[in-house]
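Every number in this text was worked out from the coordinates using simple rules, so none of it is lab data. Since this is a predicted model, take the numbers as computed values, not measurements.
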Ligand SMILES: Nc1ncnc2c1ncn2[C@@H]1O[C@H](COP(=O)(O)OP(=O)(O)OP(=O)(O)O)[C@@H](O)[C@H]1O
Ligand SMILES: [Mg+2]
């Protein structure tokens, strides 16, 4: 890893490298994501013993890289590092309009990226408190989110789309229950729910929630409708006879109204 940067950065990097266990040697990815602030943030997490060792790259997407990590304090971890160096970052401002939690954010790219990490952390926390099956959040610093690892021994659980499920009707039911809990208890709508953002680890586990919105968001119901549609379509194709998206949507909205009375 030759970053050719300051002594300070080299120092952080050497400390981080020492903590690295066997990886898939995805040095290109490391180089792409570890700018100075990210290194600094990662080092802070190491100092605070939230992370002891950093493992391999699990996924390198357009907007974030997910690494495997470990600490004595937290066990096996997933570390999601949002890219700050990528140009053309998807404009996600629509997901925070009207959200009281993020009233005063700055509009530059870096601040926006930091916001996604904190928003994903906060959303995961709400989901956890509402008993929705999602990775337990541990902490976040700048563009880094640390959460429970879904999988074992550095191997992530498969995504729903790659899983051959024996009982699709049952899995469909559990996912719909999670959507319901997310809306009624966590007061959130995922807004990008599909077979790509559900991992299968004994049960379905919902991931990737930086864009999830509060139910008071002006488009919350539209997002919810789309989420339900994607899930019902997927399970229809797997041979599950669903009652149609409208039915599930209605059920959630009616319950929500009842609870507000
Ligand atoms: N908590 C976790 N434990 C284990 N693996 C995880 C965890 N969170 C995410 N992953 C893995 O990393 C991948 C990407 O995560 P996520 O969907 O949150 O990011 P993303 O930015 O949407 O990436 P992409 O653009 O590739 O979808 C997931 O598909 C999954 O394989
Ligand atoms: Mg995703």
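Taking Cα atoms only, the orientation of helix 109-129 departs from the longest principal axis of the chain by about 50 degrees.
Sequence-distant contacts, meaning Cα pairs under 8 Å at least 6 residues apart, place the relative contact order of region 157-260 at 31 percent. Provide, for q = 0.12, 0.16, 0.17 Å⁻¹, the log10 of I(q)/I(0) from a solvent-free Debye sum over equal Cα point scatterers in region 114-261. So the normalised log intensities are -0.48, -0.86, -0.97.
Over the chain, Cα pairs under 8 Å with separation of 6+ residues give a relative contact order of 15 percent. For the chain, the mean residue ellipticity at 222 nm estimated from helices alone is -13000 deg cm²/dmol, where every DSSP H run of n ≥ 4 contributes -39500 (n - 2.57) and the total is divided by all residues, rounded to the nearest 500. Here the Kirkwood formula, the inverse mean of 1/r across different C-alpha pairs, assigns the chain a hydrodynamic radius of 19.4 Å.
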